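One structure below.
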Amino acid sequence: MSVAGIYGNVVLKTTLVAKREEEYALSLYYPIMKNVEWKMYTSTSNIDPNWNTLNFSDGSWQTVTLGSVTAPATGSQYFRKTFTGIPNMAAYEVDMNYRYGIIAYVNGVEIYRDHMIDGAVSPSTPSNGAFENYGYHGVIRPAKEVEASSVLAVELHFPAGTASTSVDFNAFLASVAPSTPVTENTKCFVYPYSVTVSATSGTNIGYIFN
């Protein structure tokens, strides 16, 4: 059985193992929803090294509503959104709308990187890849990384030579309950999406995931 939330993200995936019935807890809570207000900052030269931490003061940053920003921005784009976590979750899922380079953090810890070089980057670091079009991509992470008060921080980078670009970023964060019966205390979650497995040697590699 698979249950999806309002954005199509799978919040429960499990198989009946008892003879007649089982009870599960599931979460439809989105600590961050699409098209809401975030704090935004753009720069071509420098950014405070603590910009992605919870206690950073972003009062001077621009307040924007994602999905409705019309003016183009110059330089790399930085976004912050504080949110409230809830206890006893197994995982959280973050999906973000982007095309070029991206790095995402929760409470200052990197959780996702795509189309960017490894290691430290600055506002002048360009992206090193791109999708053909904008679309949602993301990650599922353990809920222990989320505290009652938390912040999701995202930096977007663009190809070298890009003077300005429109703000097409959007995102959501979903809290995910365990995929185990309510009688158990195991905070595990079944990964609900298709995966591709490859290897340089061996046979029947696909059997690793079933």
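The values are calculated or read from the model by the stated rules, or taken from the named source; none is laboratory data. The structure presented is a predicted model; accordingly, all values stated were derived computationally and were not measured. Counting neighbours? That spans all protein chains shown, and the Cβs are built from the backbone with ideal geometry, glycine included. Just the protein is used for accessible areas: all its heavy atoms, side chains included, with ligands, DNA and RNA removed. Shrake-Rupley method; radii C 1.70, N 1.55, O 1.52, S 1.80 Å.
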Tyr7/Ala71 FRET efficiency (R0 30 Å; Cβ-Cβ; nearest 0.05): 0.70
Candidate lysines for bridging to Lys187, where Cα separation is under 19 Å - those fewer than 8 sequence places away on the same chain excluded: Lys13, Lys144
Among Arg113, Arg20, Arg80, residue whose mean-square fluctuation peaks in a GNM of the chain (springs only between Cα atoms under 10 Å): Arg20
The stretch 90-181: relative contact order in percent, alpha carbon pairs under 8 Å with at least 6 residues between: 47 percent
Options Phe83, Thr125, Gly161, ranked by Cα towards positive dipole end of the chain, top entry (Cβ charges): Phe83
Summed side-chain charge close to Ser122 - residues other than Ser122 whose Cβ falls under 13 Å, Lys, Arg +1, Asp, Glu -1: -2
Proximal aspartates and glutamates to Lys39, defined as alpha-carbon separation beneath 19 angstrom and excluding residues fewer than eight positions away on the same chain: Asp48, Asp58, Asp95, Glu110, Glu155, Asp168
Net charge contributed by nearby residues that have their C-beta within less than 12 Å of Gly67 (K/R +1, D/E -1): -1
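Pick out, in residue order, every one of the chymotrypsin sites (Phe, Trp or Tyr not before Pro) in the stretch 104-174 that is DSSP loop and has at most 15 other C-beta atoms within 10 Å; say none if there are none.
Numbers: sites: Tyr105, Tyr112, Phe131, Tyr134, Tyr136, Phe169, Phe172; in loops: Phe131, Tyr134, Phe169.
Passing both the DSSP loop test and the Cβ count: Phe131, Tyr134.
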Theoretical FRET efficiency, 1/(1+(r/R0)^6), r = Cβ-Cβ of Ser57 and Glu145, R0 30 Å, to 0.05: 0.85
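Would you mind classifying the stretch 52-210 by shape? Square roots of the alpha carbon gyration tensor eigenvalues, ordered a ≥ b ≥ c; an a/c under 1.5 is rounded, otherwise it is prolate if a/b is larger than b/c and oblate if not.
Details: a/c = 2.25, a/b = 1.31, b/c = 1.72.
Oblate is the answer for the stretch 52-210, as a/c is 1.5 or above yet b/c matches or exceeds a/b.
Carbon-plus-sulfur fraction of the accessible area of the stretch 1-144, 1.4 Å probe, in percent?
Working: 3810 of 7790 Å².
Carbon-and-sulfur percentage of accessible area, whole number: 49.
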